[in-house]
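Some notes on the structure that comes next.
Read the figures in this text as sums done on the coordinates, not as results from a lab. Owing to the predicted nature of the structure, the values given are computational and were not obtained by experimental measurement. In this analysis, Cβ positions are derived from the backbone assuming ideal geometry, glycine residues included, and neighbour counts consider all displayed protein chains.
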Amino acid sequence: MERFAVFASGRGSNLKAIIEAVREEKIEAELSLVVSDNVDAEALKIAERAGIESLSFNPKDYNKKEEYEYFIMKSLRKREVEFIVLAGFMRILSPYFISEYRGKILNIHPALLPSFPGEHGVRDALKAGVDKTGVTVHFVDEGVDSGPIIVQDVEPIKDGDTEASLLKRLHSIEHRLYPEVINLFVQGKILIENGDVKIIAKGEKHEN
Ligand code: GRF
């Protein structure tokens with residue numbers, strides 16, 4: 001079975017959904033490690049309760065990003081981690097790190113990218129007055145929320161929506177969508193061809 005790691009900085013609700021999906025074999029891969037840049041992250045407690053190994057660090061203890069990334073990389077290699085799932089990980093990975101796992105890092109973002117990238121995807125969509133937003137799952141590249149898009153799910157913005165009410169609906173989309181996409185990836189059904197993502201539908205065969 002393929003092995004993967006989840007990187008999370010905070011609440012860890014997506015991590016929790018992923019752990020459940022692994023348990024229920026809706027993700028046919030082994031979650032080997034949870035990595036956090038926040039030693040107090042709720043995500044670490046979720047990992048501990050689930051009996052999953054974790055690694056946490058404080059970036060302030062390192063002079064350079066490459067130093068802590070090297071430390072993470074060693075741990076990933078030791079466990080033969082084949083792909084990485086970012087779930088609310090609030091750090092930009094360096095080109096060095098990305099190149100080691102090119103096409104093997106997924107991220108989820110609470111907006112319809114390329115609209116509203118960055119830390120405040122939900123707030124920014126509300127401020128902009130758009131009538132719909134959503135969730136995007138994409139591959140990670142060197143930019144901020146800029147890699148090839150895998151899938152998007154649209155959510156209308158209702159009159160009177162607040163950041164909290166909208167976030168709640170987006171989260172429930174995320175918790176359903178992310179495990180599904182992770183499993184498609186595990187099954188080799190998500191391919192990048194000339195920078196574009198191709199998802200192989202049920203029953204379809206991919207010809208090389
Ligand atoms: C999610 O909304 C995700 O889209 C974004 O960070 C948030 C993480 O939430 N990248 P949680 O820690 O999984 O609850």
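Structure notes:
- Computed label-point distance, nm, for sites residue 120 and residue 70 using a 7 Å Cα→Cβ extension: 3.7 nm
- Extended-chain gain in nm, criterion 0.36 nm per residue less alpha-carbon gap, residue 96 and residue 189: 30.9 nm
- Model label sites at residue 24 and residue 3, defined 7 Å from Cα along the beta-carbon direction, differ in position by 2.7 nm.
- With contacts taken as Cα pairs under 8 Å at a separation of at least 6 residues, the chain carries a relative contact order of 19 percent.
- Each peptide in 136-146, 80-90 gets a packing score, the mean of other Cβ atoms within 10 Å over its residues, and the list from highest to lowest is 80-90, 136-146.
- What the phi angles of the range 157-172 give under the Karplus curve with 6.51, -1.76 and 1.60, with θ = phi - 60°, is a coupling list of 9, 9, 4, x, 4, 10, 4, 5, 5, 5, 4, 4, 5, 5, 4, 5 Hz, glycine and proline written as x.
- Share, in percent, of DSSP beta bridges within the range 3-199 that are antiparallel, nearest 5: 50 percent
- Residue 17 sits among other residues whose Cβ lies under 12 Å from its own Cβ, and their net charge, with Lys and Arg +1 and Asp and Glu -1, is +1.
- Given their separation in residues at 0.36 nm each and the Cα-Cα distance between them, residue 49 and residue 199 gain 50.6 nm when the chain is fully extended.
- Segment residue 158-residue 56, extension gain: residue separation times 0.36 nm, minus the distance between their alpha carbons: 32.9 nm
- Theoretical FRET efficiency, 1/(1+(r/R0)^6), r = Cβ-Cβ of residue 168 and residue 131, R0 30 Å, to 0.05: 0.95
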